[in-house]
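Only one structure is covered here, and it is reproduced in the block below.
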Amino acid sequence: MRLDDERESDNIEDRRGDGAGFGGGGGGRFAFGGRHIGVGTIVIALVAMYFGVDPSVVLNGAPTAMETPQTEAHAPPANDADARFVSKILADTEDTWKDIFAQSGKQYVEPKLVLFSGATRTACGTGQAAMGPFYCPGDQKVYIDLRFYQELRDRFQAPGDFAQAYVIAHEVGHHVQNLMGISAKVDRARRQADDAQSNALSVRLELQADCFAGVWANHANTSRQILESGDIEEGLNAATAIGDDTLQRESQGTVVPESFTHGTSAQRVRWFKRGIDSGDIKQCNTFRAAQL
């Protein structure tokens, strides 16, 4: 990706090493949306939850407006290459979605992006690095432990800077859904649905976030020519690597479609590519799609 001349976002909150992460997690039990969840439950529930919506929703609990301790926000060190990369990607999503919202006469509210290590407090409960990157609508923040990028490269075999950018763009896609009122509608519907129906709604929500990530890539490249040869393939490879069917096959040897929450590898690739090809958020209405 060509990011040398791109600006960095002011919306980065670096909590690494400031004590907000409880020393990196470990064993025991953790609070999600006011409930205490065992580590085993987290592993089972989130084995296929990478690049997902807030943890309380994933664990069938609505986001709670709990008070979170106020820690002093500070920018990452200037020599932290990974943090600067994330900051530039976030800034690019800000510019893109600001323009898209303005075209509809609306104002884009920029999310914060929190860098943390191990564990951190959120308005959705305690976020764990083991859950992968996530978005919390309760505080409108994206959370990521940057060590996830090593896992993306080594465990998921999805290297490359655009694969990493896709992670951020997907979570920002959830923020866009939150601003548009889509997340709230889906949350209400899920609470009234059985497990299979709830999972099906989650799949459509996640695939739309993939499509929104593709819309960002389209607009960013059209406006700022940030993509290089091979970048799109890196993103599609990442989308393939974290499909529910692929993750389930690798983790348990079998595939259980009714338990899918993010979509198959083919579906994630299809909707991400649809966003990239069209650059049109109207093409991302997964909830009206007859076939995903």
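Only one of Ile42, Ile89 is under 30 Å from Asp245 (Cβ atoms) and at pLDDT 95 or above; which? Even if it seems obvious, please write down each step before you answer.
On the way: Ile42 fails: at pLDDT 95 or above.
So the residue among Ile42, Ile89 that is under 30 Å from Asp245 (Cβ atoms) and at pLDDT 95 or above is Ile89.
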Notebook entry, point to check: Which of the residues that make up region 250-268 are within 17 Å of Asn237 (Cα to Cα) and not in a loop (DSSP other than H, G, I, E, B)?
Noted result: Glu250, Ser265, Ala266, Gln267, Arg268
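Go through region 205-250 and count every residue that is small (Gly, Ala, Ser) and crowded, with 20+ Cβ neighbours inside 10 Å. Quick ask: steps written out before the conclusion?
Start the filter on region 205-250 by keeping residues that are small (Gly, Ala, Ser), which leaves 209, 213-214, 217, 220, 223, 229-230, 235, 238-239, 241, 243.
Cutting the leftovers down to crowded, with 20+ Cβ neighbours inside 10 Å gives us 209, 213-214, 217, 220, 235, 238-239, 243.
So the answer is 9.
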Item checked: Which numbered condition Val186 fails, given (1) more than 16 Å from the chain's Cα centre (by Cα); (2) in a helix (DSSP H, G or I); (3) surrounded by fewer than 20 Cβ atoms within 10 Å (Cβ to Cβ) -> (3)
Notebook entry, point to check: Which is of a type outside the set (Phe, Trp, Tyr) and under 18 Å from Ala289 (Cα atoms), of Ala266, Ala217, Ala241?
Noted result: Ala266
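Do you know which residues across region 93-114 are assigned to a strand (DSSP E or B) and either among the charged types (D, E, K, R) or at pLDDT below 95 (or both)?
So in region 93-114, the residues assigned to a strand (DSSP E or B) come out as 112-114.
The one that is assigned to a strand (DSSP E or B) and either among the charged types (D, E, K, R) or at pLDDT below 95 (or both): Lys112.
Anything in region 171-224 that is of a type in the set (S, T, N, Q) and within 30 Å of Arg2 (Cα to Cα)? List them, or say none.
Gln177, Asn178, Gln208, Asn218, Asn221, Thr222, Ser223, listed by residue number.
The values are calculated or read from the model by the stated rules, or taken from the named source; none is laboratory data. In this text, all values refer to a predicted model and were calculated from it rather than measured experimentally. Because the Cβ atoms are built from the backbone with ideal geometry, glycine has one as well, and the counts that use them run over all protein chains shown.
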